[in-house]
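> Right, I'll just put the structure down here and ask away after.
The values are calculated or read from the model by the stated rules, or taken from the named source; none is laboratory data. Not measured: the values here are computed from a predicted model. Neighbour counts run over all protein chains shown; Cβ positions are idealised from the backbone, glycine included. Keep in mind that these areas ignore ligands, DNA and RNA; they rest on the heavy atoms of the full protein, side chains included. Shrake-Rupley method; radii C 1.70, N 1.55, O 1.52, S 1.80 Å.
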Amino acid sequence: MPPVEPLTPHDPASLGPYALVGRLGGDVYLATAPGGGQVAARRLARPLDAPGREALARVWEAAAVGTPHILDTGRDYIVSEYVPGPSLAEEIVERGALTGPALHRLAVATATALASLHRAGLTHDAITPGRVLLGPDGPRLIGAERPVTPAWRAEESRVLWQDPDEPPSAAADVFAWAAVIVYAATARPPFGENPTRVSYGAADLGPLSGALRDLLADCLADEPGARPGAEETLLRLLGHAGALDTMLPATAPRVVVAPRSGVSRTPPEKRSRGGAVALAAGGLALALVSGAGGYLLAPAPAPQARKAAPSPAPTPRPVAFPSPGPSPLPLAGGVLNERPGDPLRLASYRASVSADATAAFARSRDGAGFERTGGDNHVSVVSPDGRWTATIDELFVASGERLDVEFTDRGSGRRFTVPTIAAPLSAHHPAWSPDGTRLLLSLWITDGGPDDIVPFGFVVVDPATRAATVVETANDADREAFLAADPEARLGALPAFRWTPDGRAVATAYLTPEGRFGVRFHDLTGRVLRSFHWVGLPAGPAWFSPDGQSFVTTQCEKRHVFCVWDTTTGARRGGVPSAEGDGLIGWFDATHLLFSREKKGEYRADVIDFSGETTRTLVELDPPGDDPLVQLFFLRS
């Protein structure tokens, strides 16, 4: 394991929300994330500029293959995974040269990382044995972000691995990579300890033989143009063609990594490699992945190979409303136009019933009508299996000190309440888990006026055990940064957590300091699993597609459009045109969305195809008041 040196009096105590524990060398520190996990934090000499942020975003995308994943950035720091393992240099000094499968695994893993960087338009510029860490899940090439960050200066030690007279380039990276692999195989630099030999001497390849020796010799050619590229090098290591395009993304989504105060919490124990060569103890496992370009949604072509396995579909469950009931079905101030073959059923809704009050309605068990639930300004949601109706008072802070969630057993009619939170917290956006066993509520701190509302986290309520678990996902630094943002943007970034399709995690919008929206995924302890900084604002209460492989956002382009993204990778999959004022309720089916539209007080829920055309109207309402509220909650039939 790399030695951890004590902090000096000149070192800061923290970088953003990350408490520094010790020095890992140079400007890199071992740090503790707010959730308790260990991370590596690098202090920048000066803040990232716009080109640097864009370049760092490309590094972030390439980091899925063989390099430590970038977890967070701040004004003057970058946080990445901490790799607990020795460097290649330390391993060779202690244990000697590598041979056989161990050497081949090292060569493949590091060549994959290099090919991924080059395909993203980046170079490493400082590959040395000290920059290869032998982590518990395989070799990692570190330092990929350094050439794109301020005050980059390569250490002098690189002169043994790269011609000092050759400018940084992809070809120079290949040369340095080969020199490092020769070192791993022979336990000595290929040009000896004399730096000038790199410029004019022949490499000593020692006991290497066969195809690997030939490949390394070609990579160490004097003329840069005579060396194979990183992708060709990887193909020769793998011994066959045709695999590379499934391993490395053809293009990376254009993203911006925005500095942010206090964002990421404990990194996941095992990160998803969205296109990787994973090294297992028994050999090499290739994760076959596709390009990030995805497909255009209009029309929808055949499914593409995916970068990583999507979240598993929920276990089949009972259907809450197997038949649509009469059509049109009366609603408060309107009608519901369902058909027998529809993939959705309206399970509950909330609508204005006067100029200053709303009411909640839940569908009867036989599906033939709707019944009012709760009091004024309450909201009700039905569980996916139809067993429970949960009702909350979003404005409880105006009349009481504690929120009690009311559960109704739809079979027996039995009711009970579960105590959850107290003021100044408030709860919003109720959502059932896919299996119908847990209710999710998003929590805000509402102490003060409307401009003082800030994020807190979420609470999970289990009606079977009558227990509530509160999870904080925003700390004081997060809230300070939130209040410093544009007030108009803050409203959209207040938590509206949704379950991921597998029910194992939750996701919500968040606001970057640049005033842009992204999506962040958390596990059920609040730890950040991944963040998509570039995707825009999640749209509607049901923004995950029926198969869970995509999600929809708005404010992702300057024009009016809803953007569709890959759930696992954040890659853009397409867009659906819209008009000013269109809102998104969610997905109707795999090829249609459900838009909300208001005009002169009239409300409609329209089914839209991926070309933006209206195919039918599902709900029509004419609620009272000048600014009526309508919320529709659907379940899959």
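> Report the label-to-label distance for residue 483 and residue 466 in nanometres (one decimal), using points 7 Å from each Cα along the Cα→Cβ vector.
For the pair residue 483/residue 466, the computed spacing is 3.8 nm.
> In nm², what is the average projected area of the convex hull enclosing the Cα atoms of the range 329-636?
The Cα convex hull of the range 329-636, projected and averaged over all directions, gives 15.0 nm².
> Which far-off residues, 5 or more places away or on another chain, put their amide H under 5 Å from the one on residue 220, with H placed in the peptide plane?
Under 5 Å from the amide H of residue 220 lies no amide H from a residue far enough along the sequence or on another chain.
> Whole-Hz Karplus ³J(HN,Hα) for the range 552-560, in order, using 6.51 cos²θ - 1.76 cosθ + 1.60 and θ = phi - 60°, x for Gly and Pro?
Each residue of the range 552-560 in turn: 10, 9, 10, 6, 9, 9, 6, 7, 7 Hz.
> Turning to a different aspect of this structure: Give the carbon-plus-sulfur fraction of the accessible surface of the range 1-101 in %, rounded to a whole number; probe 1.4 Å, heavy atoms of protein chains only.
After summing per-atom areas, the C and S share lands at 54 percent.
> What dipole magnitude, in Debye to the nearest 20, does the range 329-636 give about its Cα centre under +1 on Lys/Arg Cβ and -1 on Asp/Glu Cβ?
880
> Check residue 77: other-chain or 5+ apart residues with amide H under 5 Å from its amide H, H built from backbone geometry?
44
> Rounded to the nearest percent, how much of the accessible area of the range 421-486 (1.4 Å probe, protein heavy atoms only) is carbon and sulfur?
Carbon-and-sulfur percentage of accessible area, whole number: 54.
> Per residue, how large is the accessible surface of the range 481-637? Use a 1.4 angstrom probe and give square angstrom.
I get 40 Å² per residue for the range 481-637.
> Check residue 616: other-chain or 5+ apart residues with amide H under 5 Å from its amide H, H built from backbone geometry?
The answer is 607.
> Follow-up question, since we're still on this one. Could you list the residues of the range 512-555 with an amide nitrogen less than 13 Å from a label point located 7 Å from the Cα of residue 590 in the Cα-to-C-beta direction?
545-550
> If you add up the charges near residue 584, with Lys and Arg at +1 and Asp and Glu at -1, over every other residue whose beta carbon is less than 15 angstrom from its beta carbon, what do you get?
-4
> Leaving ligands, DNA and RNA out of it, rank 125, 476, 218 by accessible area with a 1.4 Å probe, largest first.
476, 218, 125
> Okay, moving on. Expressed in nm to one decimal, what extension gain is obtained for the pair residue 223 and residue 335 from 0.36 nm per residue of sequence separation less their Cα-Cα distance?
32.8 nm
> Find the accessible area per residue for the range 384-469; the probe is 1.4 Å, ligands and nucleic acids are left out, and the unit is Å².
41
> Express in nm, to one decimal, how much length is gained between residue 447 and residue 404 on full extension, taking 0.36 nm for each residue of separation and deducting their alpha carbon distance.
Extra length available between residue 447 and residue 404 comes to 13.6 nm.
> Per residue of the range 523-529, in order, report the coupling 6.51 cos²θ - 1.76 cosθ + 1.60 (Karplus, θ = phi - 60°) as ³J(HN,Hα) in whole Hz, putting x for Gly and Pro.
7, 7, 9, x, 5, 6, 8
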